1. For helix 79-97, what angle does its Cα long axis make with the longest principal axis of the chain, in degrees from 0 to 90 and rounded to 10?
2. What do you get for the angle between helix 21-44 and the principal long axis of the chain? Use alpha-carbon atoms, 0 to 90 degrees, nearest ten.
3. Largest first, please: the extent of the C-alpha atoms of the chain along each principal axis, to the nearest Å.
4. Note down the magnitude of the dipole of the chain about its Cα centre, charges +1 on Lys and Arg C-beta and -1 on Asp and Glu C-beta and zero elsewhere, to the nearest 20 debye.
5. Would you work out what percent of the accessible area of the chain, with all protein chains in place, is carbon or sulfur (probe 1.4 Å)?
6. Which residue, Tyr131, Trp185, Val159, has the largest displacement toward the positive end of the dipole of region 84-191 when charges sit on each Cβ (Lys, Arg +1; Asp, Glu -1)?
7. How large is ³J(HN,Hα) for each residue in region 289-302, as worked out from phi by the Karplus curve 6.51 cos²θ - 1.76 cosθ + 1.60 (θ = phi - 60°), to whole Hz, x for Gly and Pro?
8. Calculate, for region 221-357, the solvent-accessible area per residue in square angstrom, rolling a 1.4 angstrom probe over the heavy atoms of the protein chains.
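The values are calculated or read from the model by the stated rules, or taken from the named source; none is laboratory data. Predicted, not measured: the structure shown is a model, and the values here were computed from it. Virtual Cβ from ideal backbone geometry, glycine too; neighbours counted across all protein chains shown. Just so you know, the surface numbers come from the protein's heavy atoms only, side chains and all, with ligands and any DNA or RNA stripped out. Shrake-Rupley method; radii C 1.70, N 1.55, O 1.52, S 1.80 Å.
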Amino acid sequence: MSPARWSLRAHINGEDHRVTPKELLFDVVYVFAFIQVTDWIAEEFTWRATAEGLTVLAILWWVWISWAWLGNAMRADKGLPLAGFIVSMVAVFGLTVTIPDLWEAEGGGLAPMAFTALYVLIRVIHSAVYYFGSRDDDRVRRQVLLSTAAWIPAAGLLVVGAMAEPQERLYWWVGTVALDIVATWVLSVRGPGWKVHSGEHFAERFDLVVILAIGESVLAVGITAAGIELNPELMGIALLGVLIAIALWWPYFKDVGPTLENALKEADDEHRNDLARDAYTYLHLPLIMGILLVSAGNKGSVIAIDQEQNSGDSALLMAGGAAVVAVACALLMRLAGGTARWLVASAVFFATAMLWMPMIDPTIATLVTIVVLSAVGWLTPATRNRDSVAIAANAEN
C-alpha cells in the first residue's frame, strides 16, 4: 500500500536539522515588514514615530520568534506545521499591510482592528500546532500552555489599544510588548523551559533574519533614491548606503554570529536551551532594531538631500542605531564567552556621536559610521576565551 500523500503528523527534528525552504519563504514577508517600519520612522522623524515603529517591530518579532522555535522542534514543510506556516505567513503579510495606517486610525478603525485580529489568529494557530506536534513530550506541552498564558493578556492590551484613540494607542501597545516579553521570560525561567532540537538550525535561522534586515537597509536607500532625480551627491550617499550595510554585516557575521553558534554547539542540552532563549530570542531584537534605525537614518539622508533640508535627524538616528547594534553585539559576545571590548568602545563612541553627528555633513556622518563599524569588525576576534553564560531555567525532565 502506498503511503498517504498528506498527513497531519508532525515530524520532530533531530540534531542535524537545517533551515527548510518553507521557513525562508516565511521570512520573505518580514523584508516587507522591515521596509514598512523603516519608512514610517524615516518619513516622520519624530521620537514618537520612532517609538511607534519599534513597537510594531517588537510585536512582529515576537510572532517570528514563536515560529522560529516551532520550526526548530518540527519540520516546517510537512504535516500540520506546514499548514500553520502557510496561514501565518499570509496573516503576517496582512499585519504588515496595515502599518502605515495603524497610528492615525480612529479607535476601532480597520487598520488597528485587523492588525489585532491577525495577531491573535497567528498566536492561536502557533499554540495549537506546537501543542499538537509535541504530544509525545509532556515537558514542552506544559511550556506551550505557559506561553499561551503569557500572550493572551498581552493580546488583551492589544485589543484595548486598537479600540483606543490614536494618541493613546502607543501606550497600550507598549504594554503589550512589555507584558509579553516579561511574562514569557518569567514563565520560561521558572517553568519547564523550551527545548532546542538543532543548534545549527537555530543559529542559521537567526543569521538569515539578520541578513534580511541588513538587506532591507540597501532596499530602503535604493527604492528612495530611484524616485529622485540623480545628482552627484545623491549618487554618493546611495553608494555609501551599500557600504554601511556591509559595515553592519561585518561585526556580526565575522565575529558575533560564529562565536555564538560555537557556544550553542558546545553547550550541554539544558544550557543550550537557556543560551538560545537569552542570546537569540531576546538579544537579537535590539540588534534588529538598531539595524533598522541605521537604515531609517540613511534613508532620511537621501530624502534630506532631495528636499535640501537639514539632515541632523537622520544622523541622529544613524548614530543611535549604530550604538544599539554595538551594545547588542557586545552583550551577545559577552553571553557567548567572546571578546567584547571593541564593541563596547564603539557603543560608547556612537552614543557620544549622537551629540555631534547631527551637526556635520550627512556624507561625512555616514562615512564615520562605516569606518567605525568596519574597524570593530576587523579588530574583534571570533574566538571564545571563557564559558558562555545564561540564566538557567527551572527545567523539569
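1. 30
2. 40
3. Cα extents, longest axis first: 68, 54, 43 Å.
4. Details: 25 positive and 38 negative charges, 252 e Å.
My answer is approximately 1220 debye.
5. Working: 10600 of 16100 Å².
So the carbon and sulfur contribution to the accessible surface is 66 percent.
6. Projecting each Cα onto the dipole axis, the largest value belongs to Tyr131.
7. For region 289-302, the Karplus-derived couplings read 4, x, 4, 6, 5, 4, 4, 5, x, 5, 4, x, 5, 5 Hz, x marking Gly and Pro.
8. Details: 5050 Å² over 137 residues.
In whole numbers, region 221-357 has 37 Å² accessible per residue.
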